[in-house]
Amino acid sequence: MEYLLPTLRKKQEVDSLIRDTLDKVLVLRFGLSSDAVCLQLDDVLYKSVKDVSKFVTVALVDTTEEEIQVYLKYFDITYVPSIVFFFNAHHMKMDSGSADHTKWVGTFQRKQDFVDVVEEHMVQGCKSSLCNCRRYTERQ
Amino acid sequence: MLIPATLNDSFLADLDELSDNEDDLLEADNDDAEHMEEDVDGDLADIEALNYDDLDSVSKLQKTQRFTDIMQGGYVVAFPLSYSATDFLKVEDALENGSENSTHGIVLEDDPEYQLIVDCNALSVDIENEIVIIHNFIRDKYRLKFPELESLVHHPIDYARVVKKIANEMDLTLVDLEGFLPSAIIMVVSVTASTTSGKPLPEDVLQKTIDACDRALALDSAKKKVLDFVESRMGYIAPNLSAIVGSAVAAKIIGTAGGLSALAKMPACNVQLLGAKKKNLAGFSTATSQFRVGYLEQTEIFQSTPPSLRMRACRLLASKSTLAARVDSTRGDPAGKTGRTLRAEIHKKIEKWQEPPPAKQPKPLPVPDSEPRKKRGGRRLRKMKERYAITDMRKLANRMQFGIPEESSLGDGLGEGYGMLGQAGSGKLRVSVGQSKLAAKVAKKFKDRSYGTSGATSGLTSSLAFTPVQGIELSNPQANQFGGTQSTYFSETGTFSKIKRT
């Protein structure tokens, strides 16, 4: 799926992307594009990118690159794939039902789930408050 | 009598025959008094017979006069009923003179050729009527021989041809109907003839029938000639109109309208209906009933549009042809260019109607919470909201009187509290559904019209009630006067609450 969504390999690319996305939710997926779970997630992402394009930017980050390891350590990413959400260069915290509030681990079952999560982020980002995304994990 | 060119002479000879046949025909009509239709026809025939008798004598005169005029190249005004003689001659004359298209005569009506065309139009209509009368006659006569034929072959001219071919023959295998009818119908006719209940006709009746058939066929060919002539001249008379609808239809509608200027004065909706058949012949199904369209139905443009668009196309055609007729009546564009541009416009519009709608683009979702909700207002919304508004009962139950413990559903402070509902001292015994503000407005409007009953009190309410504190209590009808929805605890017009001595 790398050729369909922008894939980032360098630290500098990731930095600039985070800095430059304004007034939109930035979705960074950390993972391996060859992993089965990752593929499913990428598929969902690709299908929904057109629909949410007004308020979302999606990018894939390849965890096998050297420069990216810094990010893995910073965000404490062990399970792959993980999604980290940003809004106006702020890292968005979200309650997904697990102990970790910094990221979303795993894939989405349906495209609509992803759209809902991202909309929630947008709303809360504008209000600068916590995103509550519990119901999307409970459904799974 | 002068002897003109041989063509005219032969034509005259034909016409003599025609008028003779008509006399015979009318006599035959007068003879048969049995058939109802014959009577009607007979009446008409009487009138016609009179006229023809008179006109025959007159028309002979005219013929001579006509000939002199032809030789001198003059113009003769035609008498309305002597069509058979004069107009044909004029037609022949004009056809001989051929392409002497002089554009003199700015006013169209003064042009002699135009007058000829107008007369030709009227003539063709009359010929059609005459053919129908003759068809009825033939049918009635031939019914004795072959009654089913009239229901198999509908077209009058085809019927006349078939009758002439079959004559008195009983065995249809000896009769060759190829070329007159489509093969399917020939087959049906032969089969029906083998089981027909008809008998051969007597000789004189047969002769009359055959003569009538000849007459009908002659009229038909005459009509064709007239129409051909008009068509050929239509390009000169009304170039723009014939560019749009074609010369045949143009000739017909000018004829029905009664002239080009009359057509130009008509609104387009009337032009659309010129020549529309009103009768729905009994026995034909109305499943394919034609909508309101007249001669325009026969135009090439109309026939080539798909059936779903035909109504719109018809209206468009009518409007554009009216415009063209107006241009023609003032001779504004003798070359016909306006007509051609209008025709191109019509084609383009019909093309446009037929193209498929543009494909739907998938739109991205809107940013959440960015679009403000459109709040609606108005009477409808208010009435809907009324259904969920807080009722008076609930309002009363929500309030409590100071110092008095409220009653509750389970007693002793348990359960739901009743507040001021049903307490002694409030002016009401039971809380009815109060009038909403909207209903109050409506009630006021009705009250102004004094419809009788003022205030709706149910007939089942009594003024007695049992309350736990005082026993029997009477309700005060005056208490409701100043606005029923307002609680008496807070009302400005309420009285002091009574302090009971224990």
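Taken together, the values in this text are just the output of simple stated rules run on the coordinates, not laboratory data. Since the model is a prediction, treat every value here as computed from it, not as a measurement. Cβ sites come from the backbone with ideal geometry, for glycine too, and all protein chains shown count toward neighbours.
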Placed amide H near B:Glu407: partners under 5 Å, 5+ positions off or other chain: B:Tyr418, B:Gly419
How long are the semi-axes of the equivalent ellipsoid of segment A:5-61, taking √(5λ) for every eigenvalue λ of the Cα gyration tensor, in whole Å from largest down? 19, 16, 6
Would you mind ranking B:Glu297, B:Glu355 by Cβ crowding within 10 Å, fewest neighbours first? B:Glu355, B:Glu297
Under a no-solvent Debye model with one identical scatterer per Cα of chain A, what's log10 I(q)/I(0) at q = 0.12, 0.18, 0.19 Å⁻¹? -0.41, -1.02, -1.16
Just for segment A:1-117, what percent of DSSP beta bridges are antiparallel, to the closest 5? 55
Quick one: 3J(HN,Hα) in Hz for segment B:388-396, Karplus 6.51/-1.76/1.60 with θ = phi - 60°, rounded, Gly and Pro as x. 10, 6, 6, 7, 5, 4, 5, 5, 5
Cα convex hull of segment B:152-199: mean projected area in nm², to one decimal? 3.2
18 Å reach of a label modelled at A:Val105, 7 Å along Cα-to-Cβ, counting backbone N of segment A:48-69: A:63
Once both label points are put 7 Å beyond Cα along the C-beta direction, the B:Asn129-B:Met187 separation in nm becomes 4.2
I'd like the GluC sites (Glu not before Pro) in segment A:20-124 restricted to DSSP loop residues with at most 16 other Cβ atoms within 10 Å, sorted by number. A:Glu65, A:Glu66, A:Glu67
Backbone N within segment A:23-49 under 17 Å of label point (7 Å from A:Lys10 Cα along the Cβ vector): none
Which distance in nm do the two modelled labels at B:Glu178 and B:Lys165 give, with both placed 7 Å along the Cα-to-Cβ direction? 1.1
So for the pair B:Ser232, A:Leu39, with labels modelled 7 Å out along Cα→Cβ, what separation do we get in nm? 8.3
With the cut-off at 29 Å, tell me which of the pairs B:Lys320/B:Lys360; A:Lys47/B:Lys352; B:Lys352/B:Lys374; A:Lys103/B:Lys375; B:Lys208/B:Lys252; A:Lys54/A:Lys103 have Cα atoms farther apart than that. B:Lys320/B:Lys360; A:Lys47/B:Lys352; B:Lys352/B:Lys374; A:Lys103/B:Lys375; B:Lys208/B:Lys252
If I histogram all Cα-Cα distances within segment B:139-219 using bins 10 Å wide from 0, what percent of pairs lands in each bin? 18, 59, 23, 0
Per-pair calculated FRET efficiency, R0 = 35 Å: B:Arg331 and B:Gln207 via Cβ, rounded to 0.05: 0.10
DSSP loop (so not H, G, I, E, B), at most 12 other Cβ within 10 Å: list which GluC sites (Glu not before Pro) in segment B:347-427 pass both filters. B:Glu416
Which longest uninterrupted range of chain A lacks any chymotrypsin sites (Phe, Trp or Tyr not before Pro) assigned by DSSP to a loop state (not H, G, I, E or B) and surrounded by at most 13 other Cβ atoms within 10 Å? A:4-78
How many Cβ atoms of partner chains, on average, are near each residue of B:365-376 if near means within 10 Å of its Cβ? 4
Explain nothing, just the number: dipole magnitude of segment B:115-194 about its Cα centre with +1 on each Lys and Arg Cβ and -1 on each Asp and Glu Cβ, in debye rounded to the nearest 20. 220
Calculate the tail of P(r) for segment B:358-424: the fraction of all Cα-Cα distances greater than 19 Å, expressed in %. 63
Gain in length, B:Glu416 to B:Ile404, computed as 0.36 nm per residue apart minus the alpha-carbon separation, to one decimal in nm? 2.7 nm
Report, ordered by chain and residue number, the lysines lying within cross-link reach of A:Lys10, taken as a straight Cα distance under 16 Å and ignoring same-chain residues fewer than 8 apart. A:Lys73
